[in-house]
Amino acid sequence: GEKLSGKCKACHNFNDKKKVGPGLAGVFGRKVGQMADMSYSDSLQKGKWVWDAAHLAAWVCDSAAAVKEFTGDAGAKTKMPAVHICDPQQQADLIAFLKTQ
C-alpha cells in the first residue's frame, strides 16, 4: 500500500497539513469534507459519509463517479482527479496503509 500511496503524494501530505488536497493522517474514519482550512467542493462540504474502506475504494478508482454515487446527485463534483486504482487488492493495500497514517 505504501508504494501505491505515491499516486497520492502529488496532492496530499500524510500528516494533518493540507497540500493541494487535505492531509491524509486520520482520513480513515473521518467525515468527508471536514479538514480545517480546506476548500472543499459544495458536494463534499454537504457530504454525509465517513471515509471507510468501501468509500475509499470507490474514490481512489474514480472520484468523479464516486461523489455522484455517494451524494445521490448527478451534478455533484470534486476537485480530485481520478487516480484509477481500481484493482480490489491494490485498493485494499492502499487502504491498509492509509489506516496507519
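The values are calculated or read from the model by the stated rules, or taken from the named source; none is laboratory data. In this text the structure is predicted, and so the values were computed from the model without any measurement. Neighbour counts are summed over all protein chains in view; Cβ atoms, including those assigned to glycine, are modelled from backbone coordinates with ideal geometry. SASA here: full protein model, heavy atoms, side chains in, ligands and nucleic acids out. Shrake-Rupley method; radii C 1.70, N 1.55, O 1.52, S 1.80 Å.
Things to note:
- Accessible area expressed per residue, the chain, with surrounding protein chains retained (probe 1.4 Å, Å²): 57
- Modelled spin labels at LYS31 and ASN15, positioned 7 Å past Cα toward Cβ, are 2.6 nm from each other.
- Net +/- balance of residues flanking LEU94 in space, Cβ distance below 11 Å, scoring K and R +1, D and E -1: 0
- Where only DSSP H runs of four or more residues are counted, the chain gives -10000 deg cm²/dmol as its mean residue ellipticity at 222 nm, each run worth -39500 (n - 2.57).
- For segment 38-101, lysine pairs with C-alpha atoms less than 17 angstrom apart, excluding pairs fewer than eight positions apart on the same chain, total 7.
- Kirkwood Rh, angstrom, the chain [1 / mean 1/r, Cα pairs]: 13.5
- Ligands, DNA and RNA left out, the accessible area of segment 1-71 computed with a 1.4 Å probe is 54% carbon and sulfur.
- Label-zone membership for segment 50-74, site GLN90, 7 angstrom Cα→C-beta point, backbone N under 12 Å: 60-62
- The aspartates and glutamates whose alpha-carbon is closer than 14 Å to the alpha-carbon of LYS17, local same-chain residues fewer than 8 away aside, are ASP37.
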